[in-house]
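The values are calculated or read from the model by the stated rules, or taken from the named source; none is laboratory data. For clarity, every value in this text was computed on a predicted model and none was experimentally measured. So basically every Cβ, Gly included, is an ideal-geometry build from the backbone, and we count neighbours across all protein chains shown. Areas reflect the complete protein model, heavy atoms only, side chains present, ligands, DNA and RNA absent. Shrake-Rupley method; radii C 1.70, N 1.55, O 1.52, S 1.80 Å.
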Amino acid sequence: MTRHFLTLLDLSPDEFRALIKRARELKQLQHQGRIVDTLKHKVLGMIFEKSSTRTRVSFEAGMTQLGGAAMFLSPNDTQLGRGEPIEDTARVLSRMVDCVMIRTFEHEKVERFAEYSRVPVINGLTDLVHPCQLLADMQTFFEHRGDIQGRTVAWIGDGNNMCHSYINAARQLDFQLNIACPEGYDPDADILAAAGDRCMMFRDPMEAARGVDLVVTDVWASMGQEEEQKLREQAFSGYQVTSELMTQADEQALFMHCLPAHRGEEVAADVIDAADSVVWDEAENRLHAQKALLEFLLT
Ligand code: CP
Ligand code: NVA
């Protein structure tokens with residue numbers, strides 16, 4: 001059966017941990033200049049209906065490094081933008097390439113694509129979840145602090161796609177997640193409920209951050225919500241991750257952000273730009289974690 005990666009729940013907890021382990025190996029090999037060509041002659045098709053820097057470059061570089069190739073497809077210059085059905089696109093592309101990555105708005109679209117695809121489909125972000133980012137974030141935590149099982153993470157800000165993926169990661173890797181969102185911006189009730197007592201909701205970000213091992217945030221207005229920017233700046237004004245908030249957390253607490261970041265909005269510059277900030281490792285790990293994911297799905 002074809003395996004897809006549409007949410008973190010498509011992996012078992014053991015598979016998730018094995019991916020992190022392989023990602024760390026691949027990173028070491030890459031840093032030593034060793035060639036790993038486990039995906040020789042394999043082709044990844046990448047459909048982007050939203051902007052991207054990290055996702056595009058990490059998948060494209062990753063495929064090349066593993067001996068394969070990646071193809072960037074935008075709706076503007078494919079028939080998708082002219083209304084060719086997603087089902088037909090899935091049937092055709094999956095007869096030509098070995099794997100398809102999609103970044104789009106509606107999550108239902110990647111599900112429909114996967115239903116009609118003969119090859120593995122990877123979710124490169126939807127309005128609902130961003131599972132690839134969590135592979136990199138978890139790799140980063142493991143590298144700096146060891147296994148995350150039994151630790152506590154604070155999510156500060158919007159109950160958005162990244163927040164949903166943190167909720168799923170808490171289920172998979174068995175950590176506690178404190179979520180602080182302003183009223184009206186809570187995560188999806190079903191996703192939250194499925195995590196049971198692994199997640200706790202807060203209104204006060206300071207309270208949510210108390211004693212935690214990792215503080216995470218994301219932009220206040222995600223892609224597709226640009227016209228809500230002003231409204232959201234007001235709603236989220238008490239939710240900036242500041243150095244004061246970081247002092248509530250454990251002394252050893254890490255700060256993460258999937259990027260791109262808006263300094264002075266969801267995060268203060270001195271937090272993200274701190275000398276020991278791990279956000280650049282986190283961004284780099286997109287490459288290694290997704291190489292491990294591609295190997296897992298394609299070999
Ligand atoms: N974090 C992330 O997915 O970045 P891009 O939007 O640049 O791909
Ligand atoms: N929540 C953000 C993440 C970007 C990587 C968005 O969807 O725009």
Original post:
How about region 192-299: which helices (runs of 4 or more DSSP H) wholly inside it have at least 1 residues that are open to solvent by 60 Å² or more (accessible area, probe 1.4 Å) and within 14 Å of D158 (Cβ to Cβ)?
Top reply: 229-235
Subject >> Index of the failed condition, E108 passing every other in (1) assigned to a helix (DSSP H, G or I); (2) open to solvent by less than 10 Å² (accessible area, probe 1.4 Å); (3) under 27 Å from D186 (Cβ atoms) >> reply: (2)
Original post:
Do any residues in region 36-56 that are in contact (Cβ under 8 Å) with a residue 12 or more places away in the chain have Cβ atoms under 6 Å from those of residues that are open to solvent by 40 Å² or more (accessible area, probe 1.4 Å), where the two are at least six apart or on different chains, and which pairs are they?
Top reply: T38/T299; K42/D98; V43/A69; V43/D98; G45/M71; M46/F72; K50/M223
**OP:** Quick one: in region 48-78, of everything that is in contact with a strand residue (DSSP E or B) (Cβ under 9 Å, 6 or more places away or on another chain) and within 16 Å of ligand 2 (Cβ to nearest atom), which residue is nearest to L26 (Cα to Cα)?
**Re:** F59
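Which one of these is open to solvent by less than 10 Å² (accessible area, probe 1.4 Å) and touching a Lys or Arg at 6+ places or on another chain (Cβ under 9 Å): L135, L125?
Only one candidate qualifies: L135.
Out of all the residues in region 143-155, is one or more under 30 Å from D88 (Cα atoms), away from ligand 1 (no atom under 16 Å from the Cβ) and surrounded by 24 or more Cβ atoms within 10 Å (Cβ to Cβ)?
Checked against the condition, which is being under 30 Å from D88 (Cα atoms), away from ligand 1 (no atom under 16 Å from the Cβ) and surrounded by 24 or more Cβ atoms within 10 Å (Cβ to Cβ), region 143-155 yields no hits at all.
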**OP:** Check region 224-240 and report whether any residue there is within 16 Å of ligand 1 (Cβ to nearest atom) and free of Cβ contacts under 8 Å to residues at least 24 places away in the same chain.
**Re:** yes
